[in-house]
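Input: a single structure, listed below in structure tokens.
What follows draws every value from the coordinates through simple rules; no lab data is involved. All values reported here derive from a predicted model rather than from experimental measurement. In this analysis, Cβ positions are derived from the backbone assuming ideal geometry, glycine residues included, and neighbour counts consider all displayed protein chains.
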Amino acid sequence: MKRVYIYKMFERFWHWSQASLIIFLALTGFEVHGTIEIFGFDQAVRFHRFSSYALLILITFSIFWHFTTGEWKQYIPSTKKLKSQLHYYISGIFKGEKHPTHKSELSKLNPLQKLVYLGFKVVLIPVVVISGILYMNYKTIDQNDIIVISEIPLNTIAVLHTLGAFLLISFLVVHVYMTTTGTTPTSNIKAMITGYEEIEHETDHKIDNQKEK
Amino acid sequence: MNKKILIVITLVITVLVLVNVLHEEKTENLQLIELKQKFLTKSVPSVDHSKLLPLQKKFNSPQEVTEACLTCHTESHKEIMQSSHWNWERVAYIEGRGITELGKKNLLNNFCIGASSNEQSCAKCHIGFGMTDDHFDFNNAKNVDCMVCHDNSEEYQKGSSLAGYPDRNVNLTKVAQSVGNPNRGTCGYCHFNGGGGNNVKHGDLEQAISETDKEVDVHMGVNGMDMSCVDCHTAENHQIKGRLYSVSSENNNRAYCEDCHTNLPHFDDMLNRHTSKVACQTCHIPIYAKVNSTKMAWYWSEAGKLKDGKPYQEEDKEGNHDYMSIKGRFVWEKNVKPDYIWFNGTADHYIVGDTIKTIPVEMNKLYGSHDDDNSKIIPVKIHVGDQIYDKKYNTLIQPKLFSPEKGDSAYWQDFDWNLAAEAGMKRIGQPYSGEYGFVKTKMYWPLNHMVSTKENSVQCNECHTREDDGRLAKLTGFYLPGRDRNFTLDYIGGLLFIISLFGVLIHGFVRAFLVIKRNKYEVQIINNEE
């Protein structure tokens with residue numbers, strides 16, 4: 001067992017603030033959608049708008065962080081061990097088998113995570129964000145009384161935004177559950193809080209890697 | 001050390017942002033204060049008409065008053081004689097008809113139907129003297145009635161069925177010496193009482209508005225700004241701003257709320273975003289007919305029942321006539337929630353001679369749709385009913401209703417629809433087949449008055465709701481957040497969420513179960529080894 005520093009300060013801040021914003025946006029968003037009732041329609045609209053600004057700022061910072069630190073490379077997808085990772089979640093995990101991939105500072109995501117998170121970052125979030133920005137500015141007037149957007153039907157924008165929202169909350173459920181599949185059920189969450197994670201057989205893992213090469 | 005500073009900075013920023021977002025500051029609305037100041041000072045006339053020489057005499061006829069007016073206001077009659085208040089018609093371009101002359105002369109409505117052949121009575125609301133029939137001389141300046149609009153003494157009244165002449169008891173000298181700007185009383189004299197009684201037609205314009213409080217009308221309330229009609233309906237050369245679409249057709253010369261309040265009147269950006277598609281009135285006139293009831297339906301087909309050979313009338317709980325032998329059955333309502341339509345400021349009307357195309361017959365058709373950039377959602381009163389039509393020619397009939405005495409084919413005297421139809425249609429030069437029936441009708445009255453205080457305006461969730469009684473529930477054809485959704489997407493999305501939830505729960509339970517079982521097994525092995 002070795003204590004490894006995996007999640008950096010900004011990464012943790014980004015993760016948790018994004019998580020809380022997305023949950024809050026989901027609650028207020030589904031209230032605007034008419035599914036639930038918590039704050040009242042007008043407050044829900046107001047909160048949804050303010051938290052969407054916050055999320056936009058956060059996303060801007062995180063994009064900057066990903067590129068300046070080179071962390072974006074973590075998300076380059078690979079098919080290597082993808083099958084065995086999938087196989088592990090479907091059956092290996094029940095038999096008490098070991099994880100087919102190992103975490104390290106340089107490679108903190110398994111191939112399945114890489115693929116899912118990449119999709120999350122380059123498809124899901126952009127769809128929700130862009131449709132959200134269009135929604136926010138739809139058929140509206142700015143200070144000069146010019147109609148900003150009117151060519152795309154609001155229905156299309158709203159449907160895309162809602163679709164993204166459903167995918168996000170489903171992702172959230174699975175994502176939260178998957179955190180319990182670490183070395184111990186709470187080790188992943190602890191790591192995302194402290195930054196450090198107990199990782200076993202790191203040396204073995206390195207040897208494995210060298211063998212493969 | 002570095003981290004601690006960072007954490008502190010982040011926390012401080014978060015707290016500051018939250019305080020800023022959640023704290024609502026009471027800001028003074030400068031725009032409103034400016035407007036209030038503008039309308040605070042009532043203009044003092046520069047002329048006291050009671051001191052003018054031409055008015056120091058006893059007037060024997062109202063025409064003499066008009067002549068006296070014209071000695072100073074030498075050209076005013078020319079302006080008046082170009083107005084629709086005088087001509088009872090105006091020229092308009094109507095899509096599908098082209099350039100059309102229309103007005104009270106040739107339009108029908110679903111209240112008292114039409115003025116033609118009933119001028120003797122209907123001319124009570126014409127700004128002229130002596131309109132007894134269709135031979136009225138619209139070029140005779142002496143017949144212009146200045147007093148009905150400019151009387152400031154509350155003395156002036158037009159006589160009942162006197163073809164527009166004043167009541168015989170009116171002291172014309174007193175009226176002539178009092179004249180000034182029109183006020184709520186003079187405008188209301190006709191506009192409150194159209195259709196034969198208070199608040200019959202409009203629903204948002206009635207006698208109560210003359211002396212009311214802010215709760216009824218935020219502009220005219222005497223405990224508020226106490227504004228007059230002409231503060232908004234300004235006029236230049238007697239051409240008055242504002243349109244009523246029971247007789248108007250064109251999108252021009254309208255009086256808008258935005259003229260004073262601009263199209264970005266709210267502090268809240270979210271509310272301002274509504275103004276490109278939602279008229280001010282839609283949110284700010286949550287109910288109409290706040291004080292007295294208004295007529296919502298008029299069924300002419302039930303007219304003509306007599307008791308002992310005599311006409312009679314009945315009253316409803318509120319004291320409104322709900323049946324009159326001469327007019328039929330009515331439905332009155334108070335505190336009515338408006339209906340909502342898309343409207344772009346243009347309209348068409350049923351003009352005498354038109355063939356009936358739809359049932360109910362739309363007495364006025366207000367154009368507009370969501371996809372039209374000039375259209376906004378507006379609140380309207382919809383007045384329904386049925387009225388006489390020609391079964392063979394499929395046209396609405398102008399019946400002769402009024403006559404001072406029996407035996408003149410007038411329905412209100414003789415109760416014979418056939419005679420009334422024949423006489424009325426003959427007068428307007430339209431054919432009548434002799435076969436009449438009753439057809440359903442519908443008329444739209446845009447609501448612009450009885451503006452509520454902002455506290456009482458329509459709330460977000462009254463439209464943005466899935467409930468069937470939402471204010472915009474019937475206005476379909478566009479996506480309204482909070483009301484509309486894609487059912488397939490909501491179904492599949494909800495299903496996906498539930499499957500994910502149950503999926504991970506089952507996965508988790510199985511895992512936990514197997515871990516416990518395996519641990520027991522391992523413990524057994526260890527025990528066995530020992």
Sort B:407-417, A:55-65 by packing, meaning the average of other beta carbons within 10 Å per residue, with the highest value first. B:407-417, A:55-65
What ranking do B:7-16, B:149-158 get when scored by the average of other Cβ atoms within 10 Å per residue, highest first? B:149-158, B:7-16
Equivalent ellipsoid semi-axes - Cα gyration tensor, the stretch A:23-89, angstrom: 35, 21, 6
Asserting the computed 222 nm helical MRE of chain A (DSSP H runs at least 4 long, -39500 (n - 2.57) per run, divided by residue count, to nearest 500) equals -19000 deg cm²/dmol
Based on alpha-carbon centroids, what's the gap between the stretch B:459-530 and the stretch B:21-76 in Å, whole number please? 67
Determine the shielding of peptide A:38-47 by partner chains: average, over its residues, the number of Cβ atoms on other chains within 10 angstrom of each Cβ. 4
First measure r as the distance between the Cβ atoms of B:Asp468 and B:Asp137, then evaluate 1/(1 + (r/R0)^6) with R0 = 56 Å and state the FRET efficiency to the nearest 0.05. 0.50
Taking +1 at the Cβ of each Lys and Arg and -1 at the Cβ of each Asp and Glu, which of B:Asn320, B:Ile351, B:Gly424 sits farthest along the dipole of the stretch B:283-424 towards its positive end, judged by Cα position relative to the Cα centre? B:Asn320
Could you work out the percent of alpha carbon pairs in the stretch B:446-530 separated by over 23 Å, rounded to a whole number? 61
FRET efficiency for A:Leu86 and B:Asp269, using Cβ-Cβ distance with R0 set to 60 Å, rounded to 0.05: 0.80
Indicate, rounded to the nearest 5 percent, the antiparallel portion of the DSSP beta bridges found entirely in the stretch B:251-381. 95
Please report the spacing between the Cα centers of the stretch A:89-108 and the stretch B:117-183 in Å, no decimals. 96
Taking the convex hull of the Cα atoms, report for chain B its projected area averaged over all directions, in nm². 42.2
Any idea how far apart A:Glu97 and A:Ile76 come out in nm if each label point goes 7 Å out from Cα toward Cβ? 2.8
Once the Cα atoms of the stretch B:302-450 are picked out, what are the Rg and Dmax in Å? 18.1, 59
Relative contact order, percent, of the stretch B:341-431 when contacts are C-alpha pairs under 8 Å separated by at least 6 residues? 23
Mean per-residue count of partner chain Cβ within 10 Å for B:479-485 equals 6
From other protein chains only, count the Cβ atoms within 10 Å of every residue's Cβ in B:487-494, then give the mean. 4
Sorting check: for B:338-350, A:101-113, B:188-200, which peptide has the highest mean count of neighbouring beta carbons within 10 Å, and how do the rest follow? B:338-350, B:188-200, A:101-113
Extension gain B:Val8-B:Asn486, at 0.36 nm per residue separation less the Cα-Cα distance, in nm? 167.6 nm
Can you check how the C-alpha radius of gyration of the stretch B:307-395 compares to 2.2 N^0.38 Å, as a plain ratio? 1.46
Once you keep just the Cα pairs under 8 angstrom separated by 6 or more residues, what percentage relative contact order results for the stretch A:1-111? 24
Quick check: residue separation of B:Glu405 and B:Glu67 times 0.36 nm, minus the Cα distance between them. What number comes out in nm? 118.3 nm
Calculate the length of the line joining the C-alpha centroid of the stretch B:387-406 to that of the stretch B:236-310, in whole Å. 29
Work out the FRET efficiency for B:Lys51 and B:Val91 from their Cβ-Cβ distance, taking R0 = 30 Å, and round it to the nearest 0.05. 0.15
